[in-house]
Amino acid sequence: MRLKKLVVALAMSAVFAGVVAGSALGNASTKRAEWWVWGSTLTTGSPVSATCRSEGNFALEGQIAGAKLKMVSTLVFCLEAKIEEVEVGGVRMAVGSTKLQFNGVTVSEPAGCGVKGKAFTTTALKTDIQMEGLLIYDKFSPASGETLALVSITGCAAEGVYALTGTTFGLNYHAGPEGEELTNVTGEEFTAQLMGFSPTVNAIAGGAVKLGGNTATLTGVLNTELPSALVFGVDEF
(Lines give C-alpha, C1' and ligand atoms only; values in the text may rest on other atoms or scores of the structure.)
Protein backbone atom coordinates (compact mmCIF):
# COMPACT_ATOMS: atom_id res chain seq x y z
CA MET A 1 0.00 0.00 0.00
CA ARG A 2 1.07 3.61 -0.38
CA LEU A 3 3.01 5.10 2.48
CA LYS A 4 1.40 7.87 4.47
CA LYS A 5 2.48 11.27 3.21
CA LEU A 6 4.88 13.02 5.53
CA VAL A 7 5.77 16.69 5.54
CA VAL A 8 9.53 17.16 5.92
CA ALA A 9 10.37 20.87 5.98
CA LEU A 10 14.13 21.11 5.46
CA ALA A 11 15.67 24.25 3.99
CA MET A 12 17.95 23.20 1.11
CA SER A 13 20.54 25.66 2.36
CA ALA A 14 20.72 23.64 5.55
CA VAL A 15 21.08 20.42 3.59
CA PHE A 16 23.91 21.92 1.54
CA ALA A 17 25.55 23.08 4.78
CA GLY A 18 25.45 19.53 6.07
CA VAL A 19 22.52 19.66 8.49
CA VAL A 20 19.99 16.97 7.55
CA ALA A 21 17.29 16.62 10.20
CA GLY A 22 16.50 13.02 11.13
CA SER A 23 19.12 11.55 8.82
CA ALA A 24 22.45 10.15 9.90
CA LEU A 25 25.34 10.11 7.48
CA GLY A 26 25.01 6.89 5.52
CA ASN A 27 24.52 5.51 2.06
CA ALA A 28 21.25 5.79 0.22
CA SER A 29 20.00 2.47 -1.11
CA THR A 30 17.83 1.20 -3.92
CA LYS A 31 14.33 0.29 -2.82
CA ARG A 32 11.31 -1.12 -4.59
CA ALA A 33 9.85 2.07 -6.02
CA GLU A 34 7.32 3.12 -8.64
CA TRP A 35 6.88 6.27 -10.68
CA TRP A 36 3.45 7.80 -10.23
CA VAL A 37 2.21 10.05 -13.04
CA TRP A 38 -1.06 11.89 -12.52
CA GLY A 39 -2.06 9.52 -9.74
CA SER A 40 -1.38 6.27 -11.61
CA THR A 41 1.55 3.87 -11.60
CA LEU A 42 3.73 4.16 -14.70
CA THR A 43 3.38 1.05 -16.84
CA THR A 44 6.49 -1.12 -17.15
CA GLY A 45 8.08 -0.71 -20.57
CA SER A 46 6.32 2.59 -21.31
CA PRO A 47 8.91 5.37 -20.83
CA VAL A 48 7.86 9.00 -20.58
CA SER A 49 9.98 11.80 -22.02
CA ALA A 50 11.19 14.46 -19.60
CA THR A 51 12.89 17.83 -19.74
CA CYS A 52 15.29 19.38 -17.28
CA ARG A 53 17.41 22.49 -16.95
CA SER A 54 19.51 24.07 -14.26
CA GLU A 55 18.18 26.67 -11.84
CA GLY A 56 21.07 29.14 -11.73
CA ASN A 57 24.73 28.29 -12.16
CA PHE A 58 26.19 24.79 -11.87
CA ALA A 59 29.72 24.50 -10.45
CA LEU A 60 32.43 21.86 -10.85
CA GLU A 61 35.46 22.00 -8.57
CA GLY A 62 38.49 19.75 -8.31
CA GLN A 63 42.20 19.63 -9.02
CA ILE A 64 44.09 19.25 -12.30
CA ALA A 65 47.84 19.27 -12.97
CA GLY A 66 48.48 20.03 -9.31
CA ALA A 67 46.32 23.17 -9.34
CA LYS A 68 42.85 23.92 -7.98
CA LEU A 69 40.11 23.97 -10.61
CA LYS A 70 36.92 26.01 -10.37
CA MET A 71 34.46 26.21 -13.26
CA VAL A 72 30.87 27.35 -13.62
CA SER A 73 28.21 26.55 -16.21
CA THR A 74 25.47 29.14 -16.69
CA LEU A 75 23.05 26.57 -18.17
CA VAL A 76 22.75 22.80 -17.90
CA PHE A 77 19.96 20.94 -19.67
CA CYS A 78 18.97 17.34 -20.37
CA LEU A 79 19.20 15.60 -23.72
CA GLU A 80 17.13 12.50 -24.55
CA ALA A 81 15.76 12.36 -21.01
CA LYS A 82 13.09 9.88 -19.94
CA ILE A 83 11.73 8.15 -16.86
CA GLU A 84 10.49 4.58 -16.88
CA GLU A 85 9.53 1.59 -14.79
CA VAL A 86 11.57 -1.61 -15.15
CA GLU A 87 11.60 -4.98 -13.46
CA VAL A 88 14.82 -6.23 -11.89
CA GLY A 89 14.58 -9.77 -10.56
CA GLY A 90 10.81 -9.47 -10.52
CA VAL A 91 10.93 -6.19 -8.56
CA ARG A 92 9.63 -2.93 -10.04
CA MET A 93 12.17 -0.10 -10.03
CA ALA A 94 11.88 3.62 -10.86
CA VAL A 95 14.71 4.52 -13.24
CA GLY A 96 15.59 7.00 -15.96
CA SER A 97 18.19 7.99 -18.53
CA THR A 98 19.63 11.19 -19.98
CA LYS A 99 22.68 13.13 -21.09
CA LEU A 100 23.55 16.48 -19.52
CA GLN A 101 24.90 19.35 -21.61
CA PHE A 102 26.89 22.04 -19.77
CA ASN A 103 26.86 25.41 -21.55
CA GLY A 104 28.42 28.82 -20.98
CA VAL A 105 31.29 27.22 -19.08
CA THR A 106 33.96 29.53 -17.66
CA VAL A 107 37.01 28.72 -15.54
CA SER A 108 38.12 31.04 -12.72
CA GLU A 109 40.98 28.80 -11.55
CA PRO A 110 43.64 28.06 -12.76
CA ALA A 111 44.12 31.54 -14.21
CA GLY A 112 43.91 31.73 -17.98
CA CYS A 113 42.18 28.37 -18.41
CA GLY A 114 39.00 27.79 -20.36
CA VAL A 115 36.87 24.93 -21.64
CA LYS A 116 36.88 24.10 -25.35
CA GLY A 117 33.77 25.61 -26.93
CA LYS A 118 32.65 26.74 -23.47
CA ALA A 119 30.62 23.54 -23.31
CA PHE A 120 30.76 19.79 -22.74
CA THR A 121 28.24 16.95 -22.78
CA THR A 122 28.18 13.90 -20.56
CA THR A 123 28.14 10.33 -21.78
CA ALA A 124 24.83 8.48 -21.68
CA LEU A 125 23.74 8.41 -18.05
CA LYS A 126 21.40 6.12 -16.15
CA THR A 127 19.46 7.26 -13.10
CA ASP A 128 17.60 5.40 -10.42
CA ILE A 129 15.70 6.33 -7.30
CA GLN A 130 17.51 5.68 -4.03
CA MET A 131 16.44 6.45 -0.47
CA GLU A 132 18.04 7.15 2.91
CA GLY A 133 15.60 7.59 5.76
CA LEU A 134 12.83 9.95 4.61
CA LEU A 135 14.92 11.47 1.84
CA ILE A 136 14.64 10.63 -1.89
CA TYR A 137 17.68 10.82 -4.18
CA ASP A 138 18.27 10.45 -7.91
CA LYS A 139 21.50 8.55 -8.54
CA PHE A 140 23.36 9.56 -11.74
CA SER A 141 26.00 7.16 -13.08
CA PRO A 142 27.44 6.22 -16.49
CA ALA A 143 25.21 3.88 -18.52
CA SER A 144 28.39 1.95 -19.30
CA GLY A 145 31.98 2.20 -18.17
CA GLU A 146 33.14 4.71 -15.55
CA THR A 147 33.22 8.05 -17.40
CA LEU A 148 30.57 10.68 -16.75
CA ALA A 149 32.13 13.23 -19.13
CA LEU A 150 35.34 14.33 -20.79
CA VAL A 151 36.27 17.94 -20.05
CA SER A 152 38.70 19.64 -22.45
CA ILE A 153 40.74 22.38 -20.71
CA THR A 154 42.49 24.88 -23.01
CA GLY A 155 44.62 28.01 -22.94
CA CYS A 156 46.84 27.34 -19.93
CA ALA A 157 49.57 25.10 -18.49
CA ALA A 158 46.92 22.60 -17.33
CA GLU A 159 45.65 22.14 -20.90
CA GLY A 160 44.37 18.64 -21.59
CA VAL A 161 41.36 16.36 -21.59
CA TYR A 162 40.24 15.23 -18.14
CA ALA A 163 37.79 12.44 -17.36
CA LEU A 164 34.98 13.14 -14.90
CA THR A 165 34.16 9.79 -13.31
CA GLY A 166 32.06 8.30 -10.52
CA THR A 167 28.51 8.69 -9.25
CA THR A 168 26.61 11.78 -8.17
CA PHE A 169 23.30 12.11 -6.32
CA GLY A 170 20.63 14.80 -6.46
CA LEU A 171 18.34 15.30 -3.45
CA ASN A 172 14.70 15.67 -4.55
CA TYR A 173 12.73 18.66 -3.26
CA HIS A 174 10.00 21.07 -4.30
CA ALA A 175 8.95 24.66 -3.78
CA GLY A 176 6.28 25.14 -1.11
CA PRO A 177 3.25 27.44 -1.45
CA GLU A 178 5.23 30.41 -0.14
CA GLY A 179 8.43 29.59 -2.00
CA GLU A 180 9.98 27.61 0.83
CA GLU A 181 12.12 24.58 -0.09
CA LEU A 182 10.68 21.25 1.10
CA THR A 183 12.22 17.83 0.59
CA ASN A 184 10.09 15.31 -1.29
CA VAL A 185 8.83 12.13 0.35
CA THR A 186 7.15 9.07 -1.12
CA GLY A 187 3.62 9.48 -2.40
CA GLU A 188 3.91 13.18 -3.26
CA GLU A 189 3.45 14.37 -6.85
CA PHE A 190 4.45 17.72 -8.35
CA THR A 191 4.71 19.29 -11.79
CA ALA A 192 8.35 20.21 -11.11
CA GLN A 193 10.83 17.95 -9.36
CA LEU A 194 13.93 19.81 -8.20
CA MET A 195 17.22 18.01 -7.56
CA GLY A 196 19.90 19.65 -5.42
CA PHE A 197 23.51 18.56 -5.95
CA SER A 198 26.28 19.36 -3.46
CA PRO A 199 29.32 17.74 -1.80
CA THR A 200 27.24 17.18 1.36
CA VAL A 201 24.32 15.57 -0.51
CA ASN A 202 26.72 13.27 -2.37
CA ALA A 203 28.52 12.28 0.84
CA ILE A 204 25.25 11.51 2.62
CA ALA A 205 23.99 9.38 -0.27
CA GLY A 206 27.29 7.55 -0.75
CA GLY A 207 28.41 9.03 -4.08
CA ALA A 208 31.89 10.08 -5.17
CA VAL A 209 33.11 12.06 -8.18
CA LYS A 210 36.64 12.47 -9.53
CA LEU A 211 38.13 14.72 -12.21
CA GLY A 212 41.38 13.50 -13.69
CA GLY A 213 41.66 11.00 -10.85
CA ASN A 214 41.32 13.65 -8.13
CA THR A 215 38.33 14.22 -5.84
CA ALA A 216 35.83 16.65 -7.38
CA THR A 217 32.44 18.16 -6.49
CA LEU A 218 29.32 19.22 -8.37
CA THR A 219 27.02 21.90 -6.97
CA GLY A 220 23.76 23.09 -8.50
CA VAL A 221 20.05 22.44 -9.02
CA LEU A 222 18.19 20.70 -11.86
CA ASN A 223 14.47 21.23 -12.47
CA THR A 224 12.77 18.22 -14.11
CA GLU A 225 9.31 18.30 -15.69
CA LEU A 226 7.11 16.01 -17.80
CA PRO A 227 5.12 17.00 -20.92
CA SER A 228 1.87 18.93 -20.47
CA ALA A 229 2.81 19.80 -16.86
CA LEU A 230 1.91 16.31 -15.64
CA VAL A 231 2.32 15.82 -11.91
CA PHE A 232 4.65 12.98 -10.96
CA GLY A 233 6.48 11.48 -8.04
CA VAL A 234 7.77 8.28 -6.47
CA ASP A 235 6.11 5.76 -4.19
CA GLU A 236 8.00 3.15 -2.17
CA PHE A 237 6.62 -0.27 -1.33
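The values are calculated or read from the model by the stated rules, or taken from the named source; none is laboratory data. Model, not experiment: these values are computed from the prediction. Ideal geometry is used to build each Cβ from the backbone, glycine not excepted, and the neighbour counts take in all protein chains shown.
Some points to look at:
- Condition met for Leu182 (more than 18 Å from Lys82 (Cβ to Cβ), part of a strand (DSSP E or B) and modelled with pLDDT under 95): yes
- Scanning region 137-166 for residues that are touching a residue at least 60 places away in the same chain (Cβ under 8 Å) and of a type in the set (A, V, I, L, M) yields a total of 6.
- Of the residues making up region 102-120, not a single one is at pLDDT 95 or above, closer than 21 Å to Ala205 by Cβ and not acidic (Asp, Glu).
- Restricting region 103-118 to residues that are surrounded by 15 or more Cβ atoms within 10 Å (Cβ to Cβ) and under 21 Å from the mean Cα position of the chain (by Cα), the residue that is farthest from Lys139 (Cα to Cα): Val105
- Residue check for Val151: hydrophobic (A, V, I, L, M, F, W, C), out of contact with any Ser or Thr (no Cβ under 8 Å at 6 or more places or on another chain), outside any helix (DSSP H, G or I) and farther than 23 Å from Ala94 by Cα: yes
- Per the listing Gly213, Gly207, Gly220, the residue uniquely surrounded by fewer than 17 Cβ atoms within 10 Å (Cβ to Cβ) and either under 22 Å from Leu150 (Cα atoms) or touching a Gly at 6+ places or on another chain (Cβ under 6 Å) (or both) is Gly213.
- Tally of residues being within 20 Å of Leu230 (Cα to Cα) and at pLDDT 95 or above across region 48-76: 7
- Of all residues in region 113-136, those that are on the phi < 0 side of the Ramachandran plot have Cβ atoms under 6 Å from Cβ atoms of residues that are surrounded by 19 or more Cβ atoms within 10 Å (Cβ to Cβ) and of a type in the set (Lys, Arg), 6 or more apart or on another chain, in Asp128/Lys139; Gln130/Lys139.
- Residue check, Ser152 within 10 Å of the chain's Cα centre (by Cα), among the small types (Gly, Ala, Ser) and modelled with pLDDT of 95 or more: no
- Residue in region 154-161 that is assigned to a strand (DSSP E or B), aliphatic (A, V, I, L, M) and under 23 Å from Asn223 (Cβ atoms) present: no
- Per-region count, region 45-72, residues loosely packed, with under 13 Cβ neighbours inside 10 Å and of a type outside the set (D, E, K, R): 5
- For region 80-97, taking the residues that are under 15 Å from the mean Cα position of the chain (by Cα) and either not in a strand (DSSP E or B) or not polar (S, T, N, Q) (or both), the one that is surrounded by the most Cβ atoms within 10 Å (Cβ to Cβ) is identified as Ala94.
- In region 143-193, the residues that are of a type in the set (A, V, I, L, M, F, W, C), crowded, with 20+ Cβ neighbours inside 10 Å and either touching a Leu at 6+ places or on another chain (Cβ under 7 Å) or more than 25 Å from Val234 (Cα to Cα) (or both): Leu148, Ala149, Val151, Ile153, Ala158, Leu164, Leu171, Val185
- Checklist (1) polar (S, T, N, Q); (2) out of contact with any strand residue (DSSP E or B) (no Cβ under 8 Å at 6 or more places or on another chain); (3) surrounded by 15 or more Cβ atoms within 10 Å (Cβ to Cβ); (4) at pLDDT 95 or above applied to Thr200, failing item: (4)
- Meets criteria (over 16 Å from Ala119 (Cα atoms) and without any contact (Cβ under 8 Å) to a residue 24 or more places away in the chain) for Gly66: yes
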